[in-house]
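Accompanying notes for the structure given below.
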Amino acid sequence: MRGRYFVRWIAEPDPITGSLQIKGWDVIDNHKFDRATVQSFGVSEKVQAEGLCKLLNSIEEENHGLSK
């Protein structure tokens, strides 16, 4: 089962080459209608984004009585 929260990359095209470059990371709430961004992180902060995502999913499981 996929958790309520997940990490999504933020990408933008390079103005010179046109290729996509990762510019950061968003923690997304999958239960919101428009998949609302909970928190944004910089490109070098992927570990922090994943940590927040795990924490929020753990809290969600505890609040709804799901086993870990």
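The values are calculated or read from the model by the stated rules, or taken from the named source; none is laboratory data. Fair warning: this is a prediction, and the values are worked out from it, not measured in the lab. Methodologically, a virtual Cβ is constructed for each residue, glycine included, from the backbone with ideal geometry; neighbour enumeration extends over all protein chains shown.
Screening residue 35 with (1) at positive phi; (2) surrounded by fewer than 10 Cβ atoms within 10 Å (Cβ to Cβ) gives one miss only, at (2). Considered as a group, the residues in segment 38-68 that are modelled with pLDDT of 95 or more and in a loop (DSSP other than H, G, I, E, B) include one that is surrounded by the most Cβ atoms within 10 Å (Cβ to Cβ), and that residue is 45.
In segment 36-63, the residues that are within 16 Å of residue 22 (Cβ to Cβ) form no Cβ pair under 8 Å with any partner that is in a loop (DSSP other than H, G, I, E, B) and among the acidic types (Asp, Glu), whether six or more places apart or across chains. Is at least one residue of segment 37-56 charged (D, E, K, R) and over 13 Å from residue 3 (Cβ atoms)? Within segment 37-56, one or more residues are charged (D, E, K, R) and over 13 Å from residue 3 (Cβ atoms).
Table: residues versus (1) surrounded by 14 or more Cβ atoms within 10 Å (Cβ to Cβ); (2) in a strand (DSSP E or B).
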residue: 3; (1), (2): yes, no
residue: 6; (1), (2): yes, yes
residue: 17; (1), (2): no, no
residue: 24; (1), (2): yes, yes
